[in-house]
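To keep things clear, I will list the structure first and then write my remarks on it.
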């Protein structure tokens, strides 16, 4: 009897769960990717790529069975292509990044939201936020769209210990940083900083550069 009830519950979840709308998936992908950028110290190129990868995953999930299905495997394979080894290890150790979605109380829910306040954003929107609507996942690119996309650190003469991170792929770009954990190469504010405040971020720029207005308002809340 207990087995029958469990089976019935699983079937009902599969029936009731539905795909997110594009707008919902975009907002959830933005929230998730922003926290990944904060904790994994992503470069700007990684930030844009991770947003695309997360959006493809969220738009691909239609039932509870899909949460750890093919789109979840596509997501992990693509993220592996863009992350350094130490970032990949941190990603796998953070369960709310590795398993970013769950079906809870009749709705899709991001577990990372248990760790950060609503409205908490550390970065401005990725440059692909408006233009990207899906299509780069491995379902459409058998060999992987993000293959060879991982930044390669090359020693430079900027200052002792610095490296130049050359981002390959469609967007290109060069970011100067120390190559150490915590120096992601693009500006961000600290926890609880106000977007657009002009205070310097750890990446060497200022919040004004990455200031967020618009839909989320001009404010941020620190991590819980």
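The values are calculated or read from the model by the stated rules, or taken from the named source; none is laboratory data. Because the structure is predicted, anything quoted here is derived from the model rather than measured. Every residue, glycine as well, gets a Cβ built from its backbone with ideal geometry; the counts of neighbours run over all protein chains shown.
Restricted to the range 68-109, and to residues there that are without any contact (Cβ under 8 Å) to a residue 40 or more places away in the chain and assigned to a loop (DSSP other than H, G, I, E, B), the residue that is farthest from the chain's Cα centre (by Cα) is 105. Note on the range 1-34: among residues that are assigned to a loop (DSSP other than H, G, I, E, B) and touching a helix residue (DSSP H, G or I) at 6+ places or on another chain (Cβ under 8 Å), the one that is modelled with the highest pLDDT is 20. Taking each residue of the range 111-123 that is assigned to a strand (DSSP E or B) and looking for partners that are exposed (fewer than 12 other Cβ atoms within 10 Å of the Cβ) with beta-carbon atoms closer than 8 Å, six or more apart or interchain, yields 116/224.
Could you go through the range 62-71 and let me know if any residue there is in contact with a strand residue (DSSP E or B) (Cβ under 8 Å, 6 or more places away or on another chain) and within 19 Å of residue 28 (Cα to Cα). Yes, the conditions are met somewhere in the range 62-71.
Of these, 37, 93, which one is out of contact with any helix residue (DSSP H, G or I) (no Cβ under 9 Å at 6 or more places or on another chain) and modelled with pLDDT of 95 or more? Of the residues listed, the single one that is out of contact with any helix residue (DSSP H, G or I) (no Cβ under 9 Å at 6 or more places or on another chain) and modelled with pLDDT of 95 or more is 93. Can you confirm whether the range 44-67 contains a residue that is free of Cβ contacts under 8 Å to residues at least 12 places away in the same chain and part of a helix (DSSP H, G or I)? Yes, the conditions are met somewhere in the range 44-67. As a summary of the residue check, residue 39 satisfies the conditions (1) surrounded by fewer than 22 Cβ atoms within 10 Å (Cβ to Cβ); (2) closer than 15 Å to residue 150 by Cα; (3) under 12 Å from the mean Cα position of the chain (by Cα) except for the one numbered (2).
All of (1) at pLDDT 95 or above; (2) more than 27 Å from residue 130 (Cα to Cα); (3) crowded, with 18+ Cβ neighbours inside 10 Å hold for residue 64 with one exception: (1).
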